[in-house]
1. Give me the extension gain from E469 to L171: residue separation times 0.36 nm, minus the current Cα-Cα distance, reported in nm with one decimal.
2. Considering Cα pairs under 8 angstrom that are at least six residues apart, work out the relative contact order of segment 249-347 and quote it in whole percent.
3. Hey, what's the per residue convex hull volume over the C-alpha atoms of segment 63-161, in cubic angstrom?
4. I'd like the Karplus ³J(HN,Hα) series for segment 142-158: coefficients 6.51, -1.76, 1.60, θ = phi - 60°, whole numbers in Hz, and an x wherever there's a Gly or Pro.
5. Quick check for you: which residues of segment 364-390 have the amide N under 19 Å from the point 7 Å beyond the Cα of E89 toward its beta carbon?
6. Between L45 and E21, what length comes free when the chain is fully extended (0.36 nm per residue of separation minus the Cα-Cα distance, one decimal in nm)?
7. Could you go through segment 172-185 in sequence order and give the Karplus-derived ³J(HN,Hα) for each residue, using 6.51 cos²θ - 1.76 cosθ + 1.60 with θ = phi - 60°, rounded to whole Hz, and x for Gly and Pro?
8. Could you give each residue of segment 252-259 its phi-based ³J(HN,Hα) in whole Hz, using Karplus coefficients 6.51, -1.76, 1.60 with θ = phi - 60°, and x for Gly or Pro?
Amino acid sequence: MNHSDQPSGRSARDIAFDEAEAFLADIGRTPVDASASVDDVVAALDGPLPVDGSAPSVVVEELVDALRPGVVASSGPRYFGFVTGGALESTVAAEWLASAWDQNAALEVLSPAMAAVEEVAAGWVLGVLGLPGRASVGFVTGGTMANFVGLAAGRHRLLADAGWDVEADGLAGAPPLRLVCGAEAHASLFNAAQYLGLGSATWQRVEVDAQGRMRPDILRDVLDDGDGPALVAAQAGNVNSGAFDPLPEIVEACCGDDVWLHLDGAFGLWVRASDQLGHLAAGAERADSWAVDAHKWLNVPYDCGIAIVGDPAAHRAAMTIGAAYLTPGTGRDGIDHAPEASRRARGLGVYAALRELGRGGLAHVVERCCRLARRFADALDDVDGVTVTNEVVINQVVVAFDPPPGQDAAAFRDRVVAAIQRDGTCWAGPTTWQDVPSMRISVSNWRTTDNDIDRSVAAVLAAHRHCREAVTSPGG
Ligand SMILES: *Cc1c(COP(=O)(O)O)cnc(C)c1O
């Protein structure tokens with residue numbers, strides 16, 4: 001390589017490392033939102049693809065300069081958008097190794113190291129979540145794919161029991177499957193059904209209560225009223241309210257042989273790591289499959305989700321691929337547990353997070369986030385024109401802003417949320433909850449402290465006050 005192409009004298013890896021160090025050192029101090037738009041960043045990057053290559057250090061230096069203004073501090077302590085974790089220190093370092101080692105986690109023979117670390121991580125996940133030890137685990141990209149894998153395994157089991165080989169013969173002519181979920185099910189379940197050829201619009205949606213919890217009495221009626229095998233999806237942790245479906249009663253309603261119960265616990269299932277909060281998801285261990293995210297509350301970097309199936313044969317049948325050159329291992333091959341063949345070892349980050357935190361540390365992160373969400377809610381709920389509209393059971397807070405007279409509620413909410421994001425102290429996004437335009441706050445980051453909450457409360461209230469005054473002042 002021509003060293004004159006390295007103006008700073010640093011290697012590509014040093015440039016990336018120095019940038020990462022500086023970014024992470026400042027993450028609680030800089031504005032949370034990006035300062036550049038997509039168009040700004042494109043303008044800084046774009047141009048015809050050069051015929052000649054560039055030194056790696058030049059590529060990385062240019063990337064840092066062009067992208068940094070468009071980076072959101074979403075892994076920082078005052079980012080409350082969506083449900084977003086911050087990457088724990090060992091997980092970032094482990095991900096660097098994953099790239100440097102560049103291992104393919106498809107087969108044992110491709111990387112004994114990655115097969116082993118995923119095996120250990122899988123066992124730890126089952127242990128800390130209190131799920132059956134016989135369950136099989138697949139490391140996937142997120143909750144959406146984990147839901148997909150769980151439903152695929154359920155589709156296999158229910159149809160195999162009805163004498164149909166869905167993997168070989170597809171769905172045309174298959175016994176019909178009923179799909180049942182709560183009216184507040186996460187959108188990714190519809191997506192999963194779409195990919196599985198089951199149809200995103202075929203779900204029967206069971207009425208929920210005011211917190212978004214599935215009504216088990218109605219679920220029972222729906223199951224009793226219909227015929228044939230049913231895939232039921234329950235939820236541990238509503239993406240807005242954090243509410244848990246009443247799992248013990250749902251498990252009872254789903255005890256028939258021709259019912260497969262899948263549990264979407266993308267972030268909520270982690271409460272089972274805590275003695276204080278685990279009761280919210282009591283009974284979860286009796287479901288047939290589970291979806292959980294690692295890049296949310298476990299604070300592993302994107303992307304990482306975990307698909308868990310209580311019937312390993314169904315999991316494998318739904319996911320495996322076979323070819324003469326794909327030598328099976330003696331134990332657990334990644335290729336049998338996820339939709340991908342070649343695959344990054346996502347379980348490495350899960351191992352690192354669980355080892356860094358320990359069982360107790362994970363319980364602390366979960367409990368602290370819930371306590372901080374309550375602190376946020378208590379501070380906001382006292383204020384004129386601001387209402388917390390959910391029961392704050394875990395880390396989620398839903399906030400409604402009374403619109404000033406004559407103002408549209410959604411437009412006013414949009415102005416307040418935009419003012420909060422522009423201010424840069426913290427970041428929260430909009431939603432609609434119980435038909436009311438609202439703002440959602442999710443406290444999911446291991447770094448967040450009491451002080452972060454207090455600063456964020458002040459910023460939210462200042463933005464709210466500013467928007468109210470702008471409306472009431474003449475010409476405002
Ligand atoms: C986030 C979430 C999902 C989807 O997870 P991704 O990781 O974004 O694919 C599914 N269900 C629930 C309840 C979620 O909160």
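Just so it is clear, none of the values below were taken in a lab; they were calculated from the coordinates. Here the structure is a predicted model, which is why all the values come from computation and not from measurement. All Cβ positions, even for glycine, are placed from backbone atoms using ideal geometry, and neighbour counts span all protein chains on display.
1. Stretched out fully, the E469 to L171 stretch lengthens by 101.4 nm.
2. On the way: 107 pairs, mean separation 19.4, N = 99.
Worked out over segment 249-347, it gives 20 percent.
3. Cα convex hull per residue, to the nearest whole number: 181 Å³.
4. In residue order, the calculated couplings are x, x, 4, 6, 5, 4, 4, 5, x, 5, 5, 5, x, 4, 4, 4, 5 Hz.
5. 364-366
6. 6.3 nm
7. The phi angles translate into 5, x, 6, x, x, 9, 8, 10, 10, 9, x, 5, 9, 4 Hz.
8. 4, 5, 9, 7, x, 5, 9, 10
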